[in-house]
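The values are calculated or read from the model by the stated rules, or taken from the named source; none is laboratory data. Treat the numbers as computed from the prediction; the structure is a model and nothing was measured. Because the Cβ atoms are built from the backbone with ideal geometry, glycine has one as well, and the counts that use them run over all protein chains shown.
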Amino acid sequence: MTTTMERPIVGGAPPIKRRRLVYGMKWWVPWLFVAPALLGMVTFLLVPLLGGLLVSFTQWDVISGLDGIRWVGLDNFTTALTDPKFWAAAGRTVIYAGLSVPLTVALGLVIALALNRPIPGRGALRVIFFMPAVVNVIAVGSVWLLLLNPSSGLVNQGLRLLGWSEPPQWIASPDSALAALIIMAIWGGSGYISVIYVAALQEMPQDLYEAARLDGAGAIRQFVTITWPALLPMTMFLTITQLIGRSQTFGLIAYMTSGGPGDSTTVLSYYMYQNGFMYYRFGYAAAMGVLSMLGVLVMTLLLWRYQKGRSLYGDEDGNG
Amino acid sequence: MSMGDRTFSRRSVLTGSLAAAGTALVASCGNSPSGGDAQTQGSAESGVINVWGAITLDRGVQELLDAFAAKYPDIQVNYEQFPNNTDGNLKLDTSLQGGAPVDVFFSYGAAAVARRTEAGYALDLTELAQSMPEAEPFTSSDPQRTALFDDKLFAIPTVYNPYLVYLNQDMLDAAGIDVPFDWTIEEFHEIATELTAGGFAESATYKSLPLAGMELGGDSQFAAGGESSSFDLPIWKQQFDLELAMEQDGTLFPMEQVLAQRVDLYAQSYFLGGQHAFYLDNPATLRFVKDLENYPHDFRTTFRPMPYLERGGQQWNTGSYEDAVQINANTSYPEAAKTFVQFWLQDGSEFMQTAGKVPSSLGPGQGAAAEALFPRLLGDDYEDLFDTDALTQVAFADDIQMSVTTITTALTEIANLRSSLTQQLRLGEISVDDMLGRLKAEADAAITTELAQG
Amino acid sequence: MAMAEMTLSRPAATDASAGFRRRRRKERGRWLLRGVVMWALALLFLAPFLWMLSSSLKRDIDVFALPITWIPEEFQWTNYVKIWTGPHSMVHYFLNSGFVVILRIIGEVILCSLAGYAFGRLRFRGRNPLFLVFLASSIVPGQLLLVPRFMFFRELGLYDSLWALILPALSSVFGIFLLRQHFASAPAELGEAARIDGANEFVIFLRIYVPMAVPIITAFAILVFDSAWNDYETPLVMISSNANYTVPLGLTTFISDSGTISAALSMAGSVSSVIPILVFFLIFQRRFLASMARAGLR
């Protein structure tokens, strides 16, 4: 066994310090530690994943059991790639995740920056911004259905009060339904993001700012030259994990809009659900699942590479 | 679960587990649903049965179960309530497929009946039905009753669900309008316009008229033979022209509101709140009308048949015999399950009436028998709240022709396509011709896909 | 609270120069502006909660009524009575959720600490590829797994049991990652000293490294609570009988068989579902937020 320093995965942890070999430890001891988690992952993730992969090459309605399963090779994949609805759904997923995540992260950062300065009622504010993160999707969906009602909803009543005579119809119109879901995502997510940013800001070395102030740098300049570069790795990490999560959003959409009006909120996860659970085309749904997984994989790798190239501290940084 | 005493070959641990996992998966796949070779236990008087239905216990089911327990103390019944929506139905399907204990289950709609029957989960109930006067008519090939599979009956409808128009009598009186019993679709639209234009109602109705179903019956969405859709027929254009016109002139509840409030889930509130003049539904809504606690209102509800395409013409009622009860082919207690089904259809039906369920033993032309149900069906104050004469006359009219759906190909997908395109039509995104063109093409594609898979 | 901070943040300005005073005034102005803007934003964040509470005390028919009423004329406490008693009482949903939450916390903490320790602190062949496999598994979309999982669970007899919600969650990728990061940065010397003294690896883990990891483990446990209490999609597919419904699933039962929903009841249910975790959060908020931050930072 070598003792060369090993690169941490995902630019993550502080690298394990170079140290002497651990004598006397049997080679299988670490495996004992890993075994329960490994067993769990193999049983509940890899096996079903393998099953899902197999199903993606078949035609299957589940209810007829395994007698009803039929091997169709790559048919499901070619169908998906030539299905305009698949591409439309994929596009909506990209819009939904691609807009909601940067906006959530940005608002979270703004809140964190504000909370990092003296502000009246800071403790209460932190609690309030974080509250949406502890609510289940059914409660979230139910109350937002009331709030977003075009005529009697609180949101549009407020907008009319502000002078917008014809505010958006939100989930009642194909033009604004996705926007409504994005707003809800921002509401639900930015408090969580801000908490993490606040902690990061508090760990920032204050002498850097002192030095910048002495050089006459204003607040914006300080942010651009010091704060942002230091936060970049964490921003990337948050962005990646949020993108993975958002691209799988399903429960909220199923509950609130059922993919409508029209198909305007039929994102990929919901289109899969329609094909699998409503039309009993589980093979096709699985194939779309595989494709969406590949898409997320590519996106993750790209962002990771980008972050590695841009990070101030390179691999050394503990952005987790 | 402890892995402590195992040893692993260093490299093969991952591949090994994968292989093992694969084997486990393959092994797990031995179950076949169509067995029907389950060991039979119990008898007609004893056993343990699990019943899956959508009606909640508080709506008569508990009383029915209590009565059943009193009559058959040796049959233990576990009632499993499932919501009648995609997830609820999928749960039932997966439970059937997975061999979870399901002995008796209810299927709502032709697609659900067909899916479960074709997959082999339904026991042949022909003999059972023939032994009961209440269910015997369903075993005949009467096209108004129910669909048979291979000349066998696998599902017995428990409820008679004709489509009716509920009307706010007080609102009509205030407007000085008398609605004839043989009104036409033009009159329906005219009266609706009068009521909304005159400020008597915010909107006239939540639903528009299903003209195609009225003209073509239960398989109205399919061309003859069932291999393509029928959306190129002129009646569909007529139907959606009317729906769009009503959306635009404000007689139809605005689609925007439907979407914003998920009104599909509680549309009756608007009728009972006095905002809408009509409500189109089957007798299930009767229970909301009589529920003054949750829907306080003081107007009288009257009834009319669905408007006629042509005065004096013969047309389909878009309602049908519904809430079909089925017995799992794999049940361990078939005799006890049959006892339960029989009880539900006979002694039990009175308990379901409080939930607005008119028993399937009744039908067109049986108004006299129906009056006995009124106290349960309509509540204690029924004389004040309901125009019972009109109800009898409308719901049990001799000329009612109930719809039967026999083609179920891609039914759910077509319904989704329709609802998605109707939303776009009513929101002004597309024209009727665009809509029908797309609906025809996409529905045909769905049918072709489904048939290719069948 | 605002007042307290205001007085605190104003030092005694006895011999302040004009420039200093100007700066102080500017500071004060900014402080106030920030406060106004952030509190306005906070009200927007808070409004859904207030509306939820308000609607839960209305009659169904008044939920959509105009003009908007924040405080119902007559509080409909019966909405709460209805959902906490009767055939679909929330009580057993709460018990089920509680069971899942407790077992998931215990299980995930144990499994993830062990694995995180091995990945962060011990060296063995295949460690990094294996860790990468764990990480990669987080991109597998849930819908792809649902049906195979369902089939598999049925075989294991776990379908429609609360174990179906617990077992698959145990080897949490997030938890393993979090704890691995923590253990990797823990000092190696302590363990090595113990090793020289002949302590076995498990004792070293349990006696030396776990006590040091208590804050991060607490943070993780809190996150598990949050995710287990609010999980909706897993029980949606894995649980079939009402007896096994957890809280989020229980909330959907206010949609009745014929598809009618009670907006007021569903709001009362929503309020009830949020209260336990919100109370927990308010009591432990410092801990909670600090833990959350720590979890995110690592």
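Within region B:77-96, how many residues are among the β-branched types (Val, Ile, Thr) and more than 7 Å from every other protein chain (Cβ to nearest Cβ)? Explain how you work it out, then say what you get.
From region B:77-96, those among the β-branched types (Val, Ile, Thr) are B:77, B:86, B:94; that's our starting set.
So of that shortlist, the ones also more than 7 Å from every other protein chain (Cβ to nearest Cβ) come out as B:77.
Within region B:77-96, residues that are among the β-branched types (Val, Ile, Thr) and more than 7 Å from every other protein chain (Cβ to nearest Cβ) number 1.
Please state which one of A:ALA200, A:ALA217, A:ALA211 is more than 14 Å from chain B (Cβ to nearest Cβ), part of a loop (DSSP other than H, G, I, E, B) and either crowded, with 21+ Cβ neighbours inside 10 Å or free of Cβ contacts under 8 Å to residues at least 24 places away in the same chain (or both).
A:ALA217
Kindly establish whether A:ALA112 is touching a Leu at 6+ places or on another chain (Cβ under 7 Å) and within 30 Å of A:ALA285 (Cβ to Cβ).
On the way: touching a Leu at 6+ places or on another chain (Cβ under 7 Å): yes; within 30 Å of A:ALA285 (Cβ to Cβ): no.
It is false that A:ALA112 is touching a Leu at 6+ places or on another chain (Cβ under 7 Å) and within 30 Å of A:ALA285 (Cβ to Cβ).
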Counting only residues that are surrounded by 15 or more Cβ atoms within 10 Å (Cβ to Cβ) and in contact (Cβ under 8 Å) with a residue 12 or more places away in the chain, region C:192-207 contains a total of 4
Region A:103-135, residues that are facing chain C (nearest Cβ under 7 Å), of a type in the set (Val, Ile, Thr) and either more than 18 Å from A:GLN202 (Cα to Cα) or in contact (Cβ under 8 Å) with a residue 60 or more places away in the chain (or both)
A:ILE128, A:VAL134, A:VAL135
If you go through region B:419-453 one residue at a time, how many are without any contact (Cβ under 8 Å) to a residue 40 or more places away in the chain and either outside any helix (DSSP H, G or I) or within 23 Å of B:TYR163 (Cα to Cα) (or both)?
5
Can you tell me how many residues in region C:131-150 are assigned to a helix (DSSP H, G or I), facing chain A (nearest Cβ under 7 Å) and either touching a strand residue (DSSP E or B) at 6+ places or on another chain (Cβ under 9 Å) or among the aliphatic types (A, V, I, L, M) (or both)?
6
Pairs, please: C-beta under 6 Å, at least 6 apart or cross-chain, first residue under 27 Å from A:MET278 (Cβ atoms) and in region B:59-87, second in a strand (DSSP E or B) and of a type in the set (A, V, I, L, M, F, W, C)?
B:TYR79/B:VAL51; B:GLU80/B:TRP52; B:PHE82/B:TRP52; B:PRO83/C:ILE255
Hey, C:ILE239 more than 7 Å from every other protein chain (Cβ to nearest Cβ) and at pLDDT below 85 or not:
yes
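Conditions (1) within 11 Å of chain C (Cβ to nearest Cβ); (2) modelled with pLDDT of 90 or more; (3) surrounded by fewer than 22 Cβ atoms within 10 Å (Cβ to Cβ), marked per residue:
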{"site": "A:LEU38", "(1), (2), (3)": "yes, yes, no"}
{"site": "A:PHE57", "(1), (2), (3)": "no, yes, yes"}
{"site": "A:TRP60", "(1), (2), (3)": "yes, no, no"}
{"site": "A:ARG70", "(1), (2), (3)": "no, no, yes"}
{"site": "A:LEU81", "(1), (2), (3)": "no, yes, yes"}
{"site": "A:LYS85", "(1), (2), (3)": "no, yes, yes"}
{"site": "A:ALA90", "(1), (2), (3)": "no, yes, yes"}
Find the helices (runs of 4 or more DSSP H) located wholly in region A:237-315 whose residues include 1 or more that are farther than 27 Å from C:LEU249 by Cα, touching a Phe, Trp or Tyr at 6+ places or on another chain (Cβ under 9 Å) and of a type in the set (Gly, Ala, Ser), and list them.
A:282-310
Could you count how many residues in region C:179-191 are within 8 Å of another protein chain (Cβ to nearest Cβ) and buried (at least 22 other Cβ atoms within 10 Å of the Cβ)?
3
For the condition modelled with pLDDT under 90, under 19 Å from the mean Cα position of the chain (by Cα) and within 14 Å of chain A (Cβ to nearest Cβ), what is the one hit in B:THR412, B:THR406?
B:THR412
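Could you list, in sequence order, all residues of region B:342-383 that are touching a residue at least 60 places away in the same chain (Cβ under 8 Å) and under 15 Å from B:LEU292 (Cα atoms)?
First, the residues of region B:342-383 that are touching a residue at least 60 places away in the same chain (Cβ under 8 Å): B:342-349, B:351-364, B:377-379, B:381-382.
B:THR354, B:ALA355, B:GLY356, B:LEU377, B:LEU378, B:GLY379, B:ASP381, B:TYR382, listed by residue number.
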Is there a residue in region B:269-279 that is of a type in the set (Gly, Ala, Ser) and touching a Leu at 6+ places or on another chain (Cβ under 7 Å)?
yes
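Looking at this structure, is C:LEU111 at pLDDT 85 or above and either away from chain A (no Cβ under 13 Å) or under 30 Å from B:GLY273 (Cα atoms) (or both)?
Values: at pLDDT 85 or above: yes; either away from chain A (no Cβ under 13 Å) or under 30 Å from B:GLY273 (Cα atoms) (or both): no.
When the stated conditions are applied, C:LEU111 does not pass them.
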B:THR301 vs. criteria of a type in the set (Val, Ile, Thr) and crowded, with 23+ Cβ neighbours inside 10 Å:
yes
Residues of region B:298-344 that turn out to be under 27 Å from B:TYR166 (Cα atoms) and of a type outside the set (D, E, K, R), as a count
20
Is one or more of the residues making up region C:85-99 of a type in the set (Phe, Trp, Tyr) and facing another protein chain (nearest Cβ under 7 Å)?
no
